[in-house]
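K.L.:
Let me begin by handing over the structure; questions about it come next.
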Amino acid sequence: MQHKRFATMACPIARGLDRVGEWWSILILRDAFAGLTRFDAFQKSLGIAPTMLTRRLTALVEAGLLEKHRYADKPPRDEYRLTERGQDFRPVLIAMMAWGNQHFAEDGVRVQIVEAATGIPAEPVMVDRRTGRSLLEPDYVVVRGKPAAAHSGTQEQSA
């Protein structure tokens with residue numbers, strides 16, 4: 001279900017949005033991370049029309065974020081499990097949750113990530129896995145071009 005205009009774009013944000021940018025898809029992935037796997041459970045959680053849910057699940061399977069597994073033959077029933085690619089979407093959801101809590105929780109934070117052992121709320125940030133440093137300017141900038149060229153200092157910056 002990918003759009004041809006995005007499929008050829010070099011921008012990784014556009015390519016990613018082509019796979020998960022529809023808001024139902026992101027909410028389905030959120031529910032999959034919460035342990036939901038079955039059509040009925042997604043539908044109950046989201047209040048989504050069956051036809052829309054079918055389309056979104058099919059698109060997420062085609063994008064390689066979910067995989068479909070048959071759990072009953074009569075009637076045919078499938079469940080949907082996160083793939084490795086789908087699991088890699090977790091930091092995006094956590095970042096969206098933190099951003100939403102920070103800027104749009106007028107009635108109070110209702111969902112947050114906490115340390116399992118203590119229950120202390122986490123303060124999610126993006127860090128460089130290699131250095132452990134926050135990915136903030138001016139220490140880190142976005143550049144266009146091939147990664148190897150980024151070290152030469154000749155890349156054009158972009159926002």
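The values are calculated or read from the model by the stated rules, or taken from the named source; none is laboratory data. As the structure is a prediction and not an experimental result, all values here were calculated from the model. FYI the Cβ positions are ideal-geometry reconstructions off the backbone, even for glycines, and counts take in every protein chain you see.
K.L.:
Report yes if some residue within segment 117-124 is of a type in the set (A, V, I, L, M), at pLDDT below 95 and either under 19 Å from the mean Cα position of the chain (by Cα) or part of a loop (DSSP other than H, G, I, E, B) (or both); otherwise report no.
P.N.:
yes
K.L.:
Counting residues that are surrounded by 12 or more Cβ atoms within 10 Å (Cβ to Cβ), which helices (runs of 4 or more DSSP H) fully inside segment 1-110 reach at least 2?
P.N.:
Those helices (runs of 4 or more DSSP H) span 12-20, 23-33, 39-46, 50-62, 84-87, 90-104.
K.L.:
Name the one entry in ARG56, ARG70 that is in contact with a Pro (Cβ under 9 Å, 6 or more places away or on another chain) and modelled with pLDDT of 95 or more.
P.N.:
Unique residue meeting the criteria: ARG70.
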